[in-house]
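Notes for the one structure printed next.
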Number of protein chains: 2
Amino acid sequence: MNLVVVAIGFGLLAVLYGYATSRQVLGSPAGNPKMQDIAAAIQEGAQAYLRRQYATIGVVGVLVAIIVALTLHPLPALGFVIGAALSALAGFIGMTVSVRANVRTAAAAQDGLQQGLTLAFRSGAITGMLVAGLALLGIAGFFAVLVGPLGLAPGSRTVITALTTLALGASLVSIFARLGGGIFTKAADVGADLVGKVEAGIPEDDPRNPAVIADNVGDNVGDCAGMAADLFETYVVTVGATMILTALLCDDPARLLALMALPLLIGGVCIVTSIIGTLFVKLGPSQNIMGAMYKGFAVTALLSVPAIWLAMQAALGDMAAPLGTHGKLAGVSGQALFGCALVGLAITGLIIWITEYYTGTAYRPVRSIARASRTGHGTNVIQGLAVSLEATALPTLVICAGIVVAWQLAGLIGLAYGATAMLALAGMVVALDAYGPVTDNAGGIAEMAGLDEAVRARTDALDSVGNTTKAVTKGYAIGSAGLAALVLFAAYTTDLRAFFPGLTVDFSLENPYVVVGLLLGALLPYLFGAMGMTAVGRAAGDVVIDVRDQFAADPGIMAGTSRPDYARTVDLVTRAAIREMVVPSLLPVAAPVVVYGVIRYVAGQADAFAALGALLLGVIVGGLFVALSMTSGGGAWDNAKKFIEDGHFGGKGSDAHKAAVTGDTVGDPYKDTAGPAVNPMIKITNIVALLLLAALAGA
Amino acid sequence: MNLVVVAIGFGLLAVLYGYATSRQVLGSPAGNPKMQDIAAAIQEGAQAYLRRQYATIGVVGVLVAIIVALTLHPLPALGFVIGAALSALAGFIGMTVSVRANVRTAAAAQDGLQQGLTLAFRSGAITGMLVAGLALLGIAGFFAVLVGPLGLAPGSRTVITALTTLALGASLVSIFARLGGGIFTKAADVGADLVGKVEAGIPEDDPRNPAVIADNVGDNVGDCAGMAADLFETYVVTVGATMILTALLCDDPARLLALMALPLLIGGVCIVTSIIGTLFVKLGPSQNIMGAMYKGFAVTALLSVPAIWLAMQAALGDMAAPLGTHGKLAGVSGQALFGCALVGLAITGLIIWITEYYTGTAYRPVRSIARASRTGHGTNVIQGLAVSLEATALPTLVICAGIVVAWQLAGLIGLAYGATAMLALAGMVVALDAYGPVTDNAGGIAEMAGLDEAVRARTDALDSVGNTTKAVTKGYAIGSAGLAALVLFAAYTTDLRAFFPGLTVDFSLENPYVVVGLLLGALLPYLFGAMGMTAVGRAAGDVVIDVRDQFAADPGIMAGTSRPDYARTVDLVTRAAIREMVVPSLLPVAAPVVVYGVIRYVAGQADAFAALGALLLGVIVGGLFVALSMTSGGGAWDNAKKFIEDGHFGGKGSDAHKAAVTGDTVGDPYKDTAGPAVNPMIKITNIVALLLLAALAGA
């Protein structure tokens, strides 16, 4: 129990860091009145969107909570509410800081590059530490209450189910936030580009464009709030799944509490290493911004190695001794578990490196897209699609190698610890990512407020790095989601045996219902992606029509004498995004129930469980490729455009540039809407299946 | 044995039909000297390409034949050679007719629409009947020799392995022909469009464009020869796999021969129904070309129902009696098997209907892409990608439903008969498809030879239907490939038990090596698709540079006073296509061997077999979605352009049309290179795994 309290302490530390740093950030100068005016419009729009999004999620959430309370137990319903509320809170605070840090970053960039970087990165670090800290506090605190004051046994069914619903709450908020935010940001972005850059011939971030504020709002609600909810969920699900699996596998009640506390403790110590890492994000003499970021990450990753060892030693005592006397943990030592954690750290590092290769302007893939732009829109898109398909290969090989090594070291629990170690670095990774929307906004504000060329150059430099860090985070999120989902699948099969001891379920590939389940599971991300892409296209069309109307109604807007009605466009995108996010978000909730129901009717319960299990694995197998290809491909398209803008193949305004803008537009919903939302989708499917089992067993 | 002889007779009938019809087609008038001149250039280019392609395949083929002979037995090596040779022959004859029918179709269209349709469709029917007939002759003839003069037992290991290598030969030719032909046709098409339509501003099929002949050659080597090899392979693999599975499952030696002959007989009777169907392809009073095609298909499908019943009765006698006394066939009656065949026919019909919905101009998907073109290149591509993702859903549901129903009726052998019934219609389906390149060429020849507007209108009308029939065939091919691959997977697991009776292989999804195998299998189509797309982009770039050079060297070309060097461009595309096809084609050959080797080293033989099995299923699960999305999406993009050209959303020359041309260009390698080549790729992986088993067991 002491270890859980220590983990809670680390969680509080992260929140404290967030509080202190946000005081610092908000205390910085907020620029001239014009800049503040623009920033105020962005803040207002972002908050209006988030209010409405949370109201919608609230309605769905209350319904789900009631269903959980009725079919399972009031405690799981409470877990669901806590998970959902904290996930929403992490997104809300992160975004609140982000929409205030943007204008301050623009102001700080007036003093120098380092000043701008410090401010933007600190703002990102607030979101990062809050995501990790609140997630840790949520699980550890809830677990402490369940096994402390409420006196439940750590491995009891109520505790396991309550942890599962905590994850469900986080996942549900996450899929709505990811998809709604993703649709908002890309509808505004694509719509603003189409009607501004293409039709009216005015530059990006031109204040005459009525959609320009919506575009900036979108960066915050999508890349900041949406992403924060996503990583919060991944964190909660991974750590929670590791605890659940431990409870299901452990055969020694005396050691169970310490073993279940260990993932929490690993998360805790890595908060400390993440905070230390943020201190190392400083420009060297080469003024390399990406280098500064990676320095911070490398420090965190390296320090995490001894930190995880110490955490394990604290929880396990003798690192050479086996974790159990018989059963699945008997052959596993603390050293083996530590090896699995190293595997997780290695996967993280490799995926970041691979994503950098596929989305960085210095390497073959991005340059091949830029080169293909010379022969037009078509060849740009063909090469971009080729890169997006290819970009799945190395991450898949890395994940497969990780699975094999972790399994050889410690079996099922080894996979769980690999995933936990990956997620333990979430604070630092989210910091890198949440930096992106801040600098993106800062550039927009600098442009709209008419700041100096030199300042714009600095905000542009800060922004271009944000593209890569955003791609890196998405690769990391989906990679870790793949491992986490495997742990959830293991929990499903283990649970199944516990709930239905007499039932023999044939999970063999020779069972046709397993094949059907795999096919239907792999279909889900395709269907979900189609819905997300269509939604962006439809909402962007609405933006185009609205902006055209505004231009037609008041010619003063284009002349620069009247102010466009920014709020009207923001409101329009808000309504469109909320409307479009509901049906696809419910797809992964409904699919497991429907597939189970249909196969049960046709072939009976055992094959229904087999098909459901295969569905879970199918959604991982299918989703991993859809998500990896979309996020990497989109990032590569974006940076191919930037590479041309840097003066290659004709530079800005050339035909190659026009083709590259098309590729960038195509990549937008790929990388920021459909691709990243696959990640929570995979996990929701798995969690719903776990809860379905519990509901069917009446537990 | 009599039944096998009857099947051979049906095969000969198909060849006879092909011979007689080709006399008719070649006897038609071949147009004026200018048309004949153009057609001669296309013929020459196509034959030069095919010669070089077959030479390259020959080198690889001889190597593989030697490996097969050394590791297995000379008889399987002979099977391999027969499969490869007949597949090449089907492609060669089909293309030879096609490049002669094109100019004759253009000439016939001078007399009327019905005349043009009759000629083009007859030419397609020649290819269709030769594919089905040669495939049937190959398997049935080889089988007859093995069990007749050579005196081998029908279910003996040598016979099974020889049938497997026959399929390997067909598959190897098929993947090279599909990929090489696909790269050729799309590199020429995209390159010609880029440098002609976009850069020089001359229309499609303008004789001043040096790439125009290469483009027309491409239609023949890709859509005709490549597709013929593909369907030949699918036919051989499906019928062969059904025979192999029968041999593995049957426990009654007295009935084995009749049971193994049944799939051959089903193929035979459906050749007759296909020939009858072709007689019904006639324009009604509404002059609806697509309607005429579907009428022919419907007649074939409906007549096949009683024909298959009669074939089954001939082979099985009492249709209500079980097929075996004990084992897996004991509970299966002839009636159940007939039900499974009906499932196969139903899947075929539904997939054709779904593909028509997703690629026809009358329905929502194509129109949504056309509508999205109004706001530019980017939104066109976004909507096209959304449609391509969505288009996977209904076929997957149909296939899953088919699997469940066939399994409920007759278990494993039911799946095999569902697939066999699908493929039995291959003659008719290929006829619909091979019609496409003929009319495409006819349109090009009419344009280049400067025929009347009225003639051009007729060839255009014939051509636009070809787009849909081509998409339909690809949906059919990949759908049947999915079922056939499941049968191959079943053969793999059954074989495994026969070869290694003492080894317990855990195919459960809980085995991490199964998960790794699934992931690696699903990766293959992605990697393969990436290679195919990149190859087209690269080769198209070569075409652009070559054409630019020709324009620069001789200004008379653009002035219309000099004739461009068509042969030089054809030769360049030929070399590029051959060069680019080799590495991706070897990927599915090498992958099973490498995965088996690595996992065997890490985790031992049982898990290596488990991972290999999962790889086979992973490549089906991943490949089905990649292929369906690419072929449907590409067809939809193509027809969205045609829909705009028909006068919607601004019509030809509008901005929407330009955007739609981009989408069409992107869809080209999707639908004609990467997507369809996934089909033989899936099966090659499975067949190599089967042969690896035999080689490891020393059988």
Would you be able to tell me the number of residues in the stretch A:641-655 that are within 13 Å of chain B (Cβ to nearest Cβ) and either touching a Leu at 6+ places or on another chain (Cβ under 7 Å) or open to solvent by less than 20 Å² (accessible area, probe 1.4 Å) (or both)? 1
Against the condition under 14 Å from the mean Cα position of the chain (by Cα) and within 14 Å of chain B (Cβ to nearest Cβ), how does A:G182 come out, does it pass? yes
Given the conditions (1) over 22 Å from the mean Cα position of the chain (by Cα); (2) in contact (Cβ under 8 Å) with a residue 12 or more places away in the chain, every one holds for A:P285 apart from (2)
Of (1) small (G, A, S); (2) within 10 Å of another protein chain (Cβ to nearest Cβ); (3) surrounded by fewer than 24 Cβ atoms within 10 Å (Cβ to Cβ), B:G378 satisfies all except one. Which? (3)
So which residues in the stretch B:381-396 are under 30 Å from B:M312 (Cα atoms) and more than 8 Å from every other protein chain (Cβ to nearest Cβ), if there are any at all? B:P395
Please indicate, with yes or no, whether at least one residue in the stretch A:244-262 is basic (K, R), part of a helix (DSSP H, G or I) and surrounded by 22 or more Cβ atoms within 10 Å (Cβ to Cβ). no
Determine which member of the set A:A386, A:A431 is more than 22 Å from the chain's Cα centre (by Cα), open to solvent by less than 10 Å² (accessible area, probe 1.4 Å) and of a type in the set (A, V, I, L, M, F, W, C). A:A386
On the basis of being in a helix (DSSP H, G or I), surrounded by 19 or more Cβ atoms within 10 Å (Cβ to Cβ) and away from chain B (no Cβ under 14 Å), does A:L342 make the cut? yes
Can you name the number of the only condition in (1) more than 10 Å from chain B (Cβ to nearest Cβ); (2) outside any helix (DSSP H, G or I) that A:E510 fails? (1)
Would a scan of the stretch B:467-486 turn up a residue that is touching a strand residue (DSSP E or B) at 6+ places or on another chain (Cβ under 6 Å), polar (S, T, N, Q) and either open to solvent by 10 Å² or more (accessible area, probe 1.4 Å) or assigned to a helix (DSSP H, G or I) (or both)? no
Return yes when A:V515 is buried (at least 24 other Cβ atoms within 10 Å of the Cβ) and over 30 Å from B:A627 (Cα atoms) and no when it is not. no
Suppose the filter is open to solvent by 10 Å² or more (accessible area, probe 1.4 Å) and on the phi < 0 side of the Ramachandran plot; does B:A559 pass it? yes
Note: among A:T158, A:T164, just one is more than 14 Å from chain B (Cβ to nearest Cβ), surrounded by fewer than 24 Cβ atoms within 10 Å (Cβ to Cβ) and either among the polar types (S, T, N, Q) or not in a helix (DSSP H, G or I) (or both), namely A:T158
Given the conditions (1) crowded, with 24+ Cβ neighbours inside 10 Å; (2) of a type in the set (A, V, I, L, M); (3) more than 19 Å from the chain's Cα centre (by Cα), report the number of the one that A:L397 does not fulfil. (1)
State which residue is surrounded by the most Cβ atoms within 10 Å (Cβ to Cβ) when the search covers only the stretch A:2-22 and only residues that are over 22 Å from A:I93 (Cα atoms) and among the β-branched types (V, I, T). A:V4
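Quick check on the stretch A:72-87. Is at least one of its residues touching a residue at least 40 places away in the same chain (Cβ under 8 Å), under 25 Å from A:K295 (Cα atoms), more than 18 Å from the chain's Cα centre (by Cα) and not in a helix (DSSP H, G or I)?
Looking through the stretch A:72-87, none of the residues is touching a residue at least 40 places away in the same chain (Cβ under 8 Å), under 25 Å from A:K295 (Cα atoms), more than 18 Å from the chain's Cα centre (by Cα) and not in a helix (DSSP H, G or I).
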Looking only at the stretch A:201-216, decide whether some residue is in a helix (DSSP H, G or I), in contact with a Gly (Cβ under 8 Å, 6 or more places away or on another chain) and either at positive phi or open to solvent by 10 Å² or more (accessible area, probe 1.4 Å) (or both). yes
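Condition check ((1) without any contact (Cβ under 8 Å) to a residue 60 or more places away in the chain; (2) away from every other protein chain (no Cβ under 14 Å)) across all residues:
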{"position": "B:P584", "(1), (2)": "no, no"}
{"position": "B:P588", "(1), (2)": "no, yes"}
{"position": "B:V593", "(1), (2)": "no, yes"}
{"position": "B:Y601", "(1), (2)": "yes, no"}
{"position": "B:A606", "(1), (2)": "no, no"}
{"position": "B:A610", "(1), (2)": "no, no"}
List the number of the failed condition for A:L397; all other conditions in (1) aliphatic (A, V, I, L, M); (2) over 14 Å from A:T631 (Cβ atoms); (3) touching a residue at least 24 places away in the same chain (Cβ under 8 Å) hold. (3)
Whether any residue in the stretch B:544-551 is free of Cβ contacts under 8 Å to residues at least 40 places away in the same chain and within 14 Å of chain A (Cβ to nearest Cβ) is what I want to check. yes
If you scan the stretch A:474-507, which residues turn out to be at the interface with chain B (Cβ under 9 Å from one of its Cβ atoms), more than 30 Å from A:T359 (Cβ to Cβ) and aromatic (F, W, Y)? A:F507
Yes or no: B:A416 modelled with pLDDT of 95 or more and more than 7 Å from chain A (Cβ to nearest Cβ)? no
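Only one of B:A107, B:A69, B:A65 is more than 20 Å from the chain's Cα centre (by Cα) and farther than 30 Å from B:T158 by Cβ; which?
The unique qualifying residue is B:A107.
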Go through the stretch B:357-366 and count every residue that is open to solvent by less than 40 Å² (accessible area, probe 1.4 Å) and either of a type outside the set (S, T, Y) or in contact with a strand residue (DSSP E or B) (Cβ under 8 Å, 6 or more places away or on another chain) (or both). 3
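In this structure, is A:G618 under 23 Å from the mean Cα position of the chain (by Cα), over 20 Å from A:L385 (Cα atoms) and surrounded by 24 or more Cβ atoms within 10 Å (Cβ to Cβ)?
Criteria met by A:G618.
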Quick test for you: out of A:I413, A:I354, A:I369, pick the one residue that is surrounded by fewer than 23 Cβ atoms within 10 Å (Cβ to Cβ), of a type in the set (V, I, T) and either assigned to a helix (DSSP H, G or I) or in contact (Cβ under 8 Å) with a residue 40 or more places away in the chain (or both). A:I354
Can A:A522 be described as touching a residue at least 60 places away in the same chain (Cβ under 8 Å), within 14 Å of chain B (Cβ to nearest Cβ) and in contact with an Asp or Glu (Cβ under 9 Å, 6 or more places away or on another chain)? no
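The values are calculated or read from the model by the stated rules, or taken from the named source; none is laboratory data. Since the structure is predicted, the reported quantities are computational estimates derived from the model, not experimental observations. Note: ideal-geometry Cβ built from the backbone for every residue, glycine included; neighbour counts use all protein chains shown. Accessible surface areas use protein heavy atoms only, side chains included; no ligands, DNA or RNA. Shrake-Rupley method; radii C 1.70, N 1.55, O 1.52, S 1.80 Å.
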